[in-house]
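Take a look at the structure set out below.
The values are calculated or read from the model by the stated rules, or taken from the named source; none is laboratory data. These numbers come from a predicted model, not from an experiment. Neighbour counts run over all protein chains shown; Cβ positions are idealised from the backbone, glycine included.
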C-alpha cells in the first residue's frame, strides 16, 4: 500500500508525515489518539536513503529540507490561486485545515507574509466537516426515451448519454 513509511503499510518513499515525525512534530506513540503507532526508525531510514545520502545531509537536515520544501510548495499554491483571482494573500488571515495543517500553518503564513494564522478547533476534520455542511449541489439530467426491452435499449446509446453527463459534470466542477 502507498503512504508514509512510518505507517508500516508498505510505503518506501519518505513523505510529509515521515519528515514531521522525524522532526518531532508528530508523536510516534500518540498518533490518532494512540490508536496508530508510528515507526520513527523506518521514517529516519527512508529519509536517509532517499534524501540525506544523496544530498550529503544528516537525517534532521534532510527532514528539515523536506519540511521547508513542503511549506514553500503549499505557500506557492495558495499564492497562485489567490493572486490569479486578484487577491493579495497578505490581506487575509490564513485558516489552516487538515490533520497536519497546524504543523505547517505558521511557516506557510510566514512564507506568504500573512500576519494572522487561525487554527480551528476541528482543524483535522475541517474539510470533511465543510463538505458535509455545504449546500452546493448540481443535478445533471438528460431524457433518454427508448422502449424498455432488451432489444430496444442500446447499451452504447445509454453509455454515450452517461459520458456526456460525466463530461458536463467535470467541466462544471473544473470551472468552480
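Quick notes on this one:
- Some residue of segment 90-98 being over 20 Å from residue 130 (Cβ atoms), buried (at least 19 other Cβ atoms within 10 Å of the Cβ) and in contact with a helix residue (DSSP H, G or I) (Cβ under 7 Å, 6 or more places away or on another chain): no
- Some residue of segment 143-150 being in contact with a helix residue (DSSP H, G or I) (Cβ under 8 Å, 6 or more places away or on another chain) and either outside the structural domain of residue 73 (by TED's automatic domain parsing) or at pLDDT 90 or above (or both): yes
- Residue in segment 120-138 that is over 30 Å from residue 32 (Cα atoms) and modelled with pLDDT of 85 or more present: yes
- Residue 77 being without any contact (Cβ under 8 Å) to a residue 60 or more places away in the chain, exposed (fewer than 12 other Cβ atoms within 10 Å of the Cβ), assigned by TED's automatic domain parsing to the domain that holds residue 15 and closer than 30 Å to residue 43 by Cα: yes
- Hits in segment 22-42 (condition: touching a strand residue (DSSP E or B) at 6+ places or on another chain (Cβ under 8 Å) and either part of a helix (DSSP H, G or I) or not assigned by TED's automatic domain parsing to the domain that holds residue 98 (or both)): none
- Filter pass, residue 3 being out of contact with any helix residue (DSSP H, G or I) (no Cβ under 7 Å at 6 or more places or on another chain), closer than 30 Å to residue 176 by Cβ, modelled with pLDDT under 95 and part of a loop (DSSP other than H, G, I, E, B): yes
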